[in-house]
1. Checking the structure you have, find out if any residue of the stretch 337-347 is under 20 Å from residue 428 (Cα atoms) and under 24 Å from the mean Cα position of the chain (by Cα).
2. Just a yes or no: is a residue in the stretch 50-64 under 16 Å from residue 113 (Cα atoms) and assigned to a helix (DSSP H, G or I)?
3. Would you be able to tell me the number of residues in the stretch 402-423 that are in contact with a strand residue (DSSP E or B) (Cβ under 9 Å, 6 or more places away or on another chain), in a helix (DSSP H, G or I) and either surrounded by fewer than 20 Cβ atoms within 10 Å (Cβ to Cβ) or at pLDDT 85 or above (or both)?
4. Does residue 376 satisfy the condition of being under 16 Å from residue 421 (Cβ atoms), in contact with a strand residue (DSSP E or B) (Cβ under 7 Å, 6 or more places away or on another chain) and either in a helix (DSSP H, G or I) or modelled with pLDDT under 85 (or both)?
5. Residue 332 fails exactly one of the following numbered conditions: (1) closer than 21 Å to residue 211 by Cβ; (2) at pLDDT below 90; (3) in a helix (DSSP H, G or I). What is the number of that condition?
6. Kindly provide the set of residues from the stretch 85-101 that are modelled with pLDDT of 85 or more, outside any loop (DSSP other than H, G, I, E, B) and over 15 Å from residue 73 (Cβ atoms), ordered by number.
7. Which of the helices (runs of 4 or more DSSP H) found entirely inside the stretch 167-276 contain at least 3 residues meeting this: under 27 Å from residue 350 (Cβ atoms) and either touching a strand residue (DSSP E or B) at 6+ places or on another chain (Cβ under 9 Å) or modelled with pLDDT of 95 or more (or both)?
8. Mind listing whichever residues of the stretch 43-66 are buried (at least 19 other Cβ atoms within 10 Å of the Cβ) and free of Cβ contacts under 8 Å to residues at least 60 places away in the same chain?
């Protein structure tokens with residue numbers, strides 16, 4: 001039965017002895033907040049928590065905050081009914097039935113503030129492992145409070161009735177058993193702590209391996225290219241997406257902290273064209289000015305900016321370009337990356353230009369193009385994760401942008417060509433937009449999706465005669 005009393009305080013502050021050893025009351029309250037926020041966004045996480053370990057079960061009674069106790073009870077109720085996501089209006093209607101909020105303005109304001117905070121939280125619990133960690137914190141704090149309460153009651157009983165201390169100890173052990181204080185619970189806590197340590201170690205490794213894009217404003221939103229993530233760069237033809245993609249790879253390749261080359265796989269332009277574009281950017285020359293440079297000057301530019309000495313071996317170019325003018329299946333693509341990793345000892349990033357020219361493996365051929373492209377982009381995500389490399393994949397946009405029915409030509413996520421799976425599977429989607437008739441040297445990079453951070457616009461300048469964005 002849901003307790004509908006005590007709506008006095010929005011953020012109760014437990015006494016110091018109400019928190020488990022090593023955890024502050026703020027940490028416990030913060031964990032409760034993140035668990036509830038995550039469950040409001042994804043009620044199915046509660047079932048995953050129960051499947052992960054049957055010993056770790058949360059109920060409304062495990063929360064110290066009254067508001068979170070109520071919401072946990074409601075989430076449990078909706079989750080059992082199969083809700084995949086909770087709408088704020090659904091929660092509000094349920095709360096109104098319980099507390100008659102329409103006639104109690106102060107309580108209504110308090111609940112509105114609580115719900116707004118919870119719904120405005122970005123990535124409230126992070127991935128599932130962090131969610132389980134927050135649940136463990138809540139469960140541990142709840143267990144500590146209940147044991148403390150039992151001990152206090154037994155102490156009061158002894159002071160009043162002076163019973164046998166052995167009898168009190170037996171009662172306390174019985175109370176502990178009811179609270180499931182046993183070896184399996186202790187083992188669960190240890191397992192979660194070890195998993196958390198492994199997670200943090202892996203996260204630190206990814207931070208060390210991430211590649212800055214070379215654009216400060218862009219890095220401020222996506223924090224560079226992370227290993228194992230799929231980045232999509234899309235635009236209509238003529239906007240300069242290949243140039244921007246090549247610039248991003250060059251910025252990684254010329255970064256002194258980069259340990260391994262970047263691999264650019266082109267299915268549209270041949271390697272000589274891309275090398276000329278790269279040299280135009282590095283030398284800050286137009287194509288005509290580049291032709292006037294001597295071979296010695298060109299070699300000096302590439303050696304100074306792109307070639308690195310690998311121990312006692314000959315210098316290796318940090319920009320590796322592979323072109324395949326024709327069909328490239330996912331098997332072929334995996335083979336190219338495996339060969340590059342073996343040849344150079346590793347890669348820093350992979351760019352593919354562009355996804356619509358990739359071909360599916362044999363088992364999905366013959367189906368409609370939407371399903372083919374869905375299978376392709378899913379395989380690209382798996383490759384990024386298995387090779388632990390950031391994949392930058394270029395894509396075309398639909399012609400809807402050019403339709404006269406559109407109020408403006410600013411692209412949106414739904415303009416991704418041929419498949420909604422591009423938007424769903426990619427971790428970050430960037431949409432390049434230019435209006436050369438208004439300002440040929442300005443560009444807008446729209447972060448339409450960012451699974452791990454902020455979205456928004458990034459202002460860029462460009463000199464496309466030098467194949468340069470900055």
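1. no
2. Initially, the stretch 50-64 is screened for residues under 16 Å from residue 113 (Cα atoms), giving none.
No, the stretch 50-64 has no match at all.
3. 2
4. Working: under 16 Å from residue 421 (Cβ atoms): yes; in contact with a strand residue (DSSP E or B) (Cβ under 7 Å, 6 or more places away or on another chain): yes; either in a helix (DSSP H, G or I) or modelled with pLDDT under 85 (or both): yes.
The answer is yes for residue 376.
5. (1)
6. Selection gives 92, 93, 96, 101.
7. Working: elements: 183-209, 216-222, 241-253.
Ranges flagged: 216-222, 241-253.
8. Of everything in the stretch 43-66, those that are buried (at least 19 other Cβ atoms within 10 Å of the Cβ) and free of Cβ contacts under 8 Å to residues at least 60 places away in the same chain turn out to be 43, 46, 65.
The values are calculated or read from the model by the stated rules, or taken from the named source; none is laboratory data. Because the structure is predicted, anything quoted here is derived from the model rather than measured. A quick note on method: Cβ atoms are made from the backbone with ideal geometry, for glycine too, and the neighbour counts reach across all protein chains shown.
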